[in-house]
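Enquirer: Dropping a structure here in structure tokens format, bear with me for questions.
The values are calculated or read from the model by the stated rules, or taken from the named source; none is laboratory data. Here the structure is a predicted model, which is why all the values come from computation and not from measurement. Cβ atoms come from the backbone with ideal geometry, glycine included; neighbour counts cover every protein chain shown.
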Amino acid sequence: MDKTAFYKLSYGLYVISSRKDDHFNGQICNTAFQVTSEPPTVAVSINKQNLTHEYIQACGKFNVSIISKSTPMPFIGHFGFKCGRDINKFETVNFKLGETGVPIVLDNTIAYIEADVINQMDCGSHTIFVGQVRDCGILSDNEEPMTYAYYQEVKRGKAPKTAPTYQEAPKKAEQMDKHTCSVCGYTYDPEIGDPESGIKPGTKFEDLPADWTCPVCGADKSKFEKEG
Ligand code: FE
């Protein structure tokens, strides 16, 4: 069995949100998909350990915020690598409450879908929630959705030349080792730097400021391991 076949499946990247009483939470998820068109239903696959799973089971609703291709890494890290048990993820983002009373993320979102859970399937580590769509809408018409493949490429620091994050590689820097975050898998590539945090291309890992943190998950430099 060659499991790399799974990498050939294509996905998007979404914030799945829900609520429990007055508390909101959301998480990054790549598995959201339309199931039927009449009536319109969508499904999401959520890890049972996640707080969002608990919230969806508690209120029977979930929203899918479809994020744009230009979404900055810290935003993905905020929803993807922080835990809602430690922080209120909605304290620092713009959102509105939809028809279901569940928050719709407004930052970096190009479209949203609101659903009431009508069925769920226990899949071991995950639950697949099927929801009937209550409302949906477009927030930005001229931006493309983020794909999981694109995110993976950018996360690994291998942005294609056509990507907005691509930076011309600097010539002849001596020590240009890549370092990988042991928490989230983000790779710091000195040829690219970390422009979103003001780190110029050509900055060696060793020369990053002491207070520099992983742009995805917020881990400090000590959590990074040299590649190779
Ligand atoms: Fe990280």
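Enquirer: Among the strands (runs of 3 or more DSSP E) confined wholly to the stretch 1-108, which include 2 or more residues that are under 17 Å from the mean Cα position of the chain (by Cα)? Write out each step before concluding.
Expert: On the way: elements: 14-20, 23-29, 32-37, 40-47, 61-67, 95-97, 103-105.
By residue number, 14-20, 23-29, 32-37, 40-47, 61-67, 103-105.
Enquirer: Let me ask you something else. Is it the case that residue 61 is under 23 Å from residue 186 (Cα atoms) and either surrounded by fewer than 19 Cβ atoms within 10 Å (Cβ to Cβ) or modelled with pLDDT of 95 or more (or both)?
Expert: In short, no.
Enquirer: Looking at the stretch 7-22, which of its residues are under 23 Å from residue 99 (Cα atoms), of a type outside the set (A, V, I, L, M, F, W, C) and surrounded by 14 or more Cβ atoms within 10 Å (Cβ to Cβ)?
Expert: Correct list: 14, 17, 18, 19, 20.
Enquirer: Also, I was wondering about something else. What's the total number of residues in the stretch 199-218 that are modelled with pLDDT of 90 or more, small (Gly, Ala, Ser) and either more than 25 Å from residue 86 (Cβ to Cβ) or within 16 Å of the ligand (Cβ to nearest atom) (or both)?
Expert: 1
Enquirer: Something else about it: Considering (1) out of contact with any helix residue (DSSP H, G or I) (no Cβ under 8 Å at 6 or more places or on another chain); (2) charged (D, E, K, R); (3) within 25 Å of residue 153 (Cα to Cα), say which one residue 116 fails and leave the rest.
Expert: (3)
Enquirer: Looking only at residues that are in contact with a Lys or Arg (Cβ under 7 Å, 6 or more places away or on another chain) and part of a strand (DSSP E or B) in the stretch 109-131, which one is nearest to the ligand (Cβ to nearest atom)? It would help to see each step written out before you state the result.
Expert: Initial filter on the stretch 109-131 (in contact with a Lys or Arg (Cβ under 7 Å, 6 or more places away or on another chain)): 114-117, 125-127.
Filter once more, so that each one left must be part of a strand (DSSP E or B): 114-117, 126-127.
Numbers: 114: 31, 115: 31, 116: 35, 117: 32, 126: 23, 127: 26 Å.
Filtering the stretch 109-131 for residues that are in contact with a Lys or Arg (Cβ under 7 Å, 6 or more places away or on another chain) and part of a strand (DSSP E or B), the one nearest to the ligand (Cβ to nearest atom) comes out as 126.
Enquirer: Listed residues 53, 78; which is in contact with a Ser or Thr (Cβ under 8 Å, 6 or more places away or on another chain) and within 24 Å of residue 197 (Cβ to Cβ)?
Expert: One residue alone meets the criteria, 78.
Enquirer: Residues 44, 105: which one is at pLDDT 95 or above, farther than 16 Å from residue 145 by Cα and more than 16 Å from the ligand (Cβ to nearest atom)?
Expert: 44
Enquirer: Taking the stretch 188-228 on its own, how many of its residues are under 20 Å from the mean Cα position of the chain (by Cα), surrounded by 18 or more Cβ atoms within 10 Å (Cβ to Cβ) and not in a loop (DSSP other than H, G, I, E, B)?
Expert: 3
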